[in-house]
Amino acid sequence: MAIKEINLDTVQQFNEQYGFETLHPLVNVVRFDKPREVEEHLVHYGLYALFLKENKGCKLSYGRTKYDFDEMTVTTFAPGQTIHVQPMPGVTYPKWTALVFHPDLLARTSLGKNIGRYEFFSYSSNEALHLSLGEINIFRGVLDMIAQELHHAIDKHSRELIVSNIELLLNYCLRFYDRQFITREEINHDVVRKFEKLLKEYIESKAIREGLPTVAYFADKCCLSNGYFGSLVRVETGKTAKDFIAGYLLNAAKQLLNDSTLSIHCVSRKLGFEYPQHFVRFFKAHTGKTPKQFREAS
């Protein structure tokens, strides 16, 4: 039997799907607490959505990873994502509060230009944001301000105020995620240690066959989305995952160049560079010297 599929390309479609009134064509703040059995289905998002889960109402999976949601967690979805929703045994119906908004709402706004900085929209379901009581109050407080604007008569200030408050909420989510990275410090240390071990092994034995190491490869090995993995590495090390990999490559390159029996072409192949000139460009960009100049100066 085929799984039911739902397209949520507009706020109107979202409202019709869950039984809400449309107060604005591009944005809504809603609370769902109706007795309604959850059936397995796929949701294709054409909207941005932030859900505050108030109970263990269902299982969600984004990609390959599954997560049973604890109470009071926030998960976020973006246009182009598909979410697999499954019911949970023993739970009558889910309870949640949500903010949904269409990309068109952000047209010609600073938030529209900077929406890419909110990397949590690319996090997987198992990387949901777990809120403290104080954070829940802040989250709800900003949602209330947006809701008040939706019930206010539309005037020349409406859109600006709504978008400003959405941006405020997203900025709070950035802060809360940073706090979550800190409170899960030991787990994060383990991830970074695993990353370093895998990176060392990759450069030593796999790069020559599989090419340059990528962030996506190590995120997958750590069972994390690219976005969450990158954020975690940046918080733990102060470097982006890409820069972390580049640093390892550079150190490996220097060690190999110290072996005068290896040609520069051979060194570049061992590190995973497809063409020697790419290796030369990489090395000079990070050291100011070509591999040949570095070897002669050693």
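The set of residues from the range 203-231 being more than 22 Å from the chain's Cα centre (by Cα), assigned to a helix (DSSP H, G or I) and not acidic (Asp, Glu) comprises Ile203, Ser205, Lys206, Ala207, Ile208, Arg209. Within the range 15-40, the set of residues being under 21 Å from His152 (Cα atoms), outside any loop (DSSP other than H, G, I, E, B) and among the charged types (D, E, K, R) comprises Arg31 only. Any residue in the range 195-202 that is in a loop (DSSP other than H, G, I, E, B) and surrounded by 13 or more Cβ atoms within 10 Å (Cβ to Cβ)? No.
Please state which one of Gly141, Gly134 is in the same structural domain as Ile83 (by TED's automatic domain parsing) and over 17 Å from Ala98 (Cβ atoms). Matching residue, one of Gly141, Gly134: Gly134.
Just a yes or no: is a residue in the range 276-295 in a helix (DSSP H, G or I) and under 30 Å from Thr75 (Cα atoms)? Within the range 276-295 (the criterion being in a helix (DSSP H, G or I) and under 30 Å from Thr75 (Cα atoms)), the answer is no, since none of the residues qualifies.
Residues in the range 152-194 that are in a loop (DSSP other than H, G, I, E, B) and more than 14 Å from Phe229 (Cα to Cα): His152, Ala153, Ile154, Asp155, Lys156, His157.
The values are calculated or read from the model by the stated rules, or taken from the named source; none is laboratory data. Quantities reported herein were computed from a predicted structural model and do not represent experimental measurements. Using ideal geometry, Cβ is built from the backbone for each residue, glycine included, and neighbour counts are taken over all protein chains shown.
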